[in-house]
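Every read-out reported here was derived from the displayed coordinates using simple, explicitly stated rules and does not represent laboratory data. Fair warning: this is a prediction, and the values are worked out from it, not measured in the lab. Here the Cβ is made from the backbone with ideal geometry for all residues, glycine too, and neighbour counts use every protein chain on show.
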Amino acid sequence: MIPFEALTAQRRAAEPKASTWLSANAGSGKTRVLTDRVARLLLGGVSPQRILCLTYTKAAATEMQNRLFARLGEWAMMEDARLTAALSDLGETGLGADTLARARRLFARAIETPGGLRIQTIHSFCASLLRRFPLEAGVSPGFAEMDDRATKMLRADILEEMATEDPAPLTRAARYFPGDGFPDLLSEIARHPKGFDANPFPPDSAEALLARVFLGDEADLLAAMIPILATGLKTDVEDAEALTRLLPWAPDLATLQALEDLFLFGAKAAAPFGARLAKFPTKGTQGKLGDLLPRLHALMLRVEAARPRRLSLFAAEKTAALAGLAQAFLPRWNARKAALGVLDFDDLIARARDLLSDPSVAAWVLFRLDGGIDHVLVDEAQDTSPDQWRVVELLTAEFTAGEGTAQGGRTLFVVGDKKQSIYSFQGADVAAFDEKQALFQRNFTEARQVFQVLPLEYSFRSSPAILNLVDAALAGRDPAALGAEVSHRATNDTLPGRVDLWPLIADDETPEDVPFEDPVDLIRDTHPVARLAAGIASEIDGMLKRGERLPTREGSRAMTPGDVLILVQTRGPVFDEVIRACKARGLPIAGADRLELTEELAVKDLIALLKFLATPEDDLSLAAVLRSPLFGVTEAELYRLTRRQGFLWEAIRGHDSPYVAALHDLRDRVDFLRPYELLQRALIRHDGRRRLIARLGHEAEDAIDELLNLALAYEAGSVPSLTGFLSWLEQDEAQVKRQAEGAGGRIRVMTVHGSKGLEAEVVFLPQTNDRKGNDRGAMLQDAEGRVFAKVAAAEAPPEISALIQRKQAREAEENLRLLYVALTRARSWLVVCGAGEAKTEKAWHGIVAQGMAKLAAKEMPFGLRHEHGAWPEPQAPEAVAAETPAPLEAWVFAPAEKMDRPKVTLSPSDLGGAKALPGLGEDSDTAKARGTALHLLLQHLPDHPVESWPQVAKGLGAEAQLERASALILDPDLAHVFAGQAEVSLSADWNGRRLLGSIDRLAGRLIVDFKSNLTVPKRPEEVPEGILRQMSAYRLMVGQVAGEADCAVLWTETGELMQLPRALVDQALARAIHDIAAMPVTQDVVDLDALTPAS
């Protein structure tokens, strides 16, 4: 029984007349609340066009729309009692017949809404806004949206262009940034286009700094010191060698940094980076320096004083290099996008924000949005970026200002959870969540409108055991990360649940245990990560074999592989090893949630095939294709084939084998088929798809389909060529994102970020040890939006150091929120484990261990367990009896009855025979175009006034033939022809077949066909056989409908109307019958080439 308080909280949040800010715990039913609120708005008479629901992902928008249509569809079919109960559950009162009737009509109303219900991502909404108002927004009316691949390729093109045309900014930046990191660096610059305007550091120069440190006598000082140090202790001798490396003396910033290493303490000393006056050189050697010591100490103090300035100077130069690169890149970036008529995802938001901020058009734009938007709903608000929030503010500004306040009834609904904000790398700003709540609450309150701030604490997902751990582990943690005190309540407080904590598997391997020839990144079976993965696979296998049962509200049910979800923080060794271990155990596993397309074996084989087709001399690609499942050549056979002279293809092309025949077929068509068609021919005609899936499993199907999609995408934006496609593929690493919902009852393995919105009965968290922080990006940004180049923490000046610490603090906060999301994916059983060390406070294993201690978890052979309720006893799966095939009925073996095939359809022009006399040559395309134009004019012009004929001809695209057609139509001798019916369609049964045709003109009982031949026969007997047979078919069809008819040909070249004697036409029909009779009536396709004139 769901607690009344939980349902009441949802109903209150869905109240359509009040603006609401809803903080919803994980699993608390926020999607239901959103759906309920939209349904109640529609029920209250709000026009669908005036509701806008903004979601974070397309999947969320689709899910919400599906739920809403399902709800409205159910209402449309419910009887009165059930519908009344359903609406009462929503919180509706005063339900009369009118309300019930209106509820039943909502489904049709939503379906018929132009453009559909506006439940979409904010990017989709901004794109539709810009498409509707392109001139006001200053964008191309037909702009296209760039996907990630197109964006990367455009940036790469600009990088090449800059390297060729203006290399100076790149050269300067290359001193500070790695060359292979420039694509990512340009991506960052594009996301922060306005942060490079001002230099954040005071002006300084290396020359001025060096002049303050080195006064000119340092060379003599060092020359005198080095021999003395060389006679001292071992440390002194090493220092003497270090100073010697600075000679001959030519001081620069590198010299200054080397002296810092010698003269100053380290970062962890009691006086970090202070001068080592009492320590350099050693005490005994200091006494030998005599009057050199004061000069040395003065130099050491100058070096100490200069260090902060050197760090600032380095950071300033690196930031200036970054700014110079940005200022060279951004104009090109914007110009190329404008020239191509494209916008990236950031542009969509920025242009929509600017459009709605423009006071000259904003009000008009909002009004033109179907008369205005009265209700805005925002989902996953914690992941909204500042620019996206600005769009929401502008959309709702009129709700609390001017006439919008007076109208009333306009609402804002925002739902989110600060604890689940984990997408800062996509621009999400968790600090904005609280700021916007305060802003909207103040605006609505000042406008004297209802604004609710409500929590949803009840979880409809997780068992109390899971929720108890979440509360205990995160209690008292950073409020900046999680907001108020973490508190959850289960809707079913008796539902059994478990939380298991395994001890970390330590790395007890020593370097001596690892063979020296092993790759440094090899994960051996004895590696802790491999042992952990094997333990997880063994545990899942054991759960299934011993028949573990999972608790439900009704009792329990058997556990299946699809109930298991394994979550990692990042894709890496743990991710790969868990998949490998599960496969080794024979467990059904869905594989990686994201595929690196060009790393998939099926794709590698197909790309190798394409490379061979493009370059037959590519022996390596051909050998790879032959050994692949596509052709299945054995290693021994391939070895035999390779013992030849010349290229491999030259050696095998004459072999009589299926794979050589297939390669010949593909080679013959490589110059005529597009890449997509070549791939499909290999996959379908030559059975490649079936062979690849049979060898590599169904996982290969996703990769194959995505490669075909990429081929279509390439052909849509480029002139299709095989070499171009192969080059295009190599320019970017394509990824395939698998839909988690389509795992098909298999174990799922994914990142925590990818699991957002998902849940599972059993969740494993194997990556809970210490790990390096998120080091994304080469830039830092301060509160004012200024951009700084990131430098190493040990080399950071105070300004940069503060930003680094701020960034690290935010990463630590997000790490806590990521843990919250991971823990709350579990419904009934959570297993926390790991490999390695967990010494830092940020390690999830330690945080969970503290929570388990608070819950007084029980010690178990495997570790610790916290349990709630009576867990169902396992039930060993019953052995499945061997299936005995059912006896087959007699009809299975009886031959099927012969079916009458449908009559073959022929056109009169398909009865064979030549259609033209030898004579003036004209290529077929030109003749066809000229004849088509004349036929169109002769068909349509008689139906229009003469003065409008030029316009009609232009509309038909036949101006070139207007003069000839006009002369024919206006010829008095042909008036009776054009007074007849045009394009008369007829059909007739003939010789076991059906004739279908269209007569150009039917004037009474005279059949007239227009012929545009350049060579015109002088008498009827010279008319080509094909034309005579065509006219005989027309005469036959008219004869079956209206009796005897005559035939004539209008030769458009001369204007002659040639009557054809009936006998001549009937003889041509007899010859056609003779030729057709030689062919089987039952065949589906007539070989028209076989229908030659009879002798």
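For Cα pairs less than 8 Å apart in space and 6+ apart in sequence, what is the mean separation divided by the residue count of the stretch 172-306, i.e. the relative contact order in percent?
Working: 85 pairs, mean separation 34.0, N = 135.
Worked out over the stretch 172-306, it gives 25 percent.
Over the chain, calculate the relative contact order: mean separation of alpha carbon pairs under 8 Å at least 6 apart, over the residue count, as a percent.
Working: 1542 pairs, mean separation 140.4, N = 1095.
Relative contact order here is 13 percent.
Extension gain A558-L620, at 0.36 nm per residue separation less the Cα-Cα distance, in nm?
So the chain would gain 17.3 nm between A558 and L620.
Which entries of K268/K854; K418/K839; K152/K436; K30/K545 show an alpha-carbon separation above 31 angstrom in the structure shown?
On the way: K268/K854 35 Å; K418/K839 27 Å; K152/K436 33 Å; K30/K545 37 Å.
In this structure, K268/K854; K152/K436; K30/K545 exceed 31 Å between Cα atoms.
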Next item on the list: Sort S1012, S801, S462 so that the residue with the fewest other Cβ atoms within 10 Å of its own Cβ comes first and the one with the most comes last.
Entry: S801, S1012, S462
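Hey, what number do you get for the chain at 222 nm if only DSSP H runs of n ≥ 4 count, each worth -39500 (n - 2.57), divided across all residues, to the nearest 500? Don't jump to the answer; show the numbers that get you there.
Details: 42 runs with 517 residues, N = 1095.
For the chain, the value works out to -15000 deg cm²/dmol.
Using only the C-alpha atoms of the stretch 652-759, find the volume of their convex hull and express it per residue in Å³.
Working: hull volume 15.9 nm³, N = 108.
Considering the Cα atoms of the stretch 652-759, their hull volume per residue is 147 Å³.
If we sort 606-612, 310-316 on the protection proxy, mean other Cβ atoms within 10 Å, highest first, what's the order? Each step should come with its number before you reach the end.
Details: 606-612: 23.1, 310-316: 21.1.
Final packing ranking: 606-612, 310-316.
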Check: Roughly how many nanometres apart are two label points built 7 Å out from the Cα toward the Cβ at Q875 and L601?
Finding: 3.9 nm
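Sort 92-98, 981-987 for me by packing, meaning the mean count of neighbouring Cβ atoms within 10 Å per residue, highest on top.
The most tightly packed comes first, giving 981-987, 92-98.
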Notebook entry, point to check: Taking the stretch 967-1067 as the region of interest, what is the percent of Cα-Cα pairs per 10 angstrom bin, listed from the shortest bin to the one with the maximum distance?
Noted result: 15, 50, 31, 4, 0
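Where Rh denotes the Kirkwood radius from the mean inverse Cα pair distance, what is Rg over Rh for the stretch 34-135?
Values: Rg = 14.9 Å, Rh = 14.5 Å.
Checking Rg against Rh, the ratio lands at 1.03.
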Next item on the list: Would you work out the charge dipole size for the stretch 596-737 about its Cα centre, treating the Cβ of every Lys and Arg as +1 and the Cβ of every Asp and Glu as -1, and quote it to the nearest 20 debye?
Entry: 580 debye
Margin query: Using a 7 Å offset from the Cα along the Cα-to-Cβ direction at both A506 and V1041, what is the distance between the two label points in nm, to one decimal?
Written below: 9.7 nm
Checklist line | Using a Förster distance of 25 Å, the FRET efficiency for E5-V450 (Cβ separation, nearest 0.05) | finding: 0.75
Notebook entry, point to check: List the lysines whose alpha-carbon lies under 17 Å from that of K318, not counting same-chain residues fewer than 8 positions away?
Noted result: K790
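If a/c stays under 1.5 just call it rounded; otherwise compare a/b with b/c (prolate if a/b is bigger, oblate if not). Do that for the chain, with a ≥ b ≥ c from the square roots of the Cα gyration tensor eigenvalues. Numbers along the way, then the final one.
Numbers: a/c = 1.85, a/b = 1.62, b/c = 1.14.
It is prolate, given that a/c is not under 1.5 and a/b is the larger ratio.
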Next item on the list: May I ask you to sort D358, D605, D656 by Cβ crowding, counting other Cβ atoms within 10 Å and putting the fewest first?
Entry: D656, D358, D605
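Listed highest first by mean packing, meaning other Cβ atoms within 10 Å per residue, what order do 1061-1070, 697-706 come in? Display every interim value, and only then the final one.
On the way: 1061-1070: 15.6, 697-706: 17.2.
Per-residue Cβ counts within 10 Å, averaged per peptide and sorted highest first, yield 697-706, 1061-1070.
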Margin query: Give the lysines reachable from K954 as a straight Cα distance under 21 Å; neighbours fewer than 8 places away on the same chain don't count.
Written below: K928
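How do M77, M1031 rank when sorted from fewest to most other Cβ atoms within 10 Å of their own Cβ? Don't skip to the answer; put the middle values down first.
Numbers: M77 10, M1031 25.
Ordered from fewest to most neighbouring Cβ atoms within 10 Å, M77, M1031 come out as M77, M1031.
Can you give the convex hull volume of the alpha carbon atoms of the stretch 163-340 per residue, in Å³? Before the final figure, lay out each step's value.
Details: hull volume 28.0 nm³, N = 178.
It comes to 157 Å³ per residue, whole-number rounded.
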Item checked: Three-way shape call for the stretch 905-1090 based on the alpha-carbon gyration tensor, with the a/c threshold at 1.5 -> prolate
Next item on the list: Over the stretch 65-216, calculate the relative contact order: mean separation of alpha carbon pairs under 8 Å at least 6 apart, over the residue count, as a percent.
Entry: 15 percent
Next item on the list: Just subtract the alpha-carbon distance of A230 and V892 from 0.36 nm times their residue separation and send over the number in nm, one decimal.
Entry: 228.1 nm
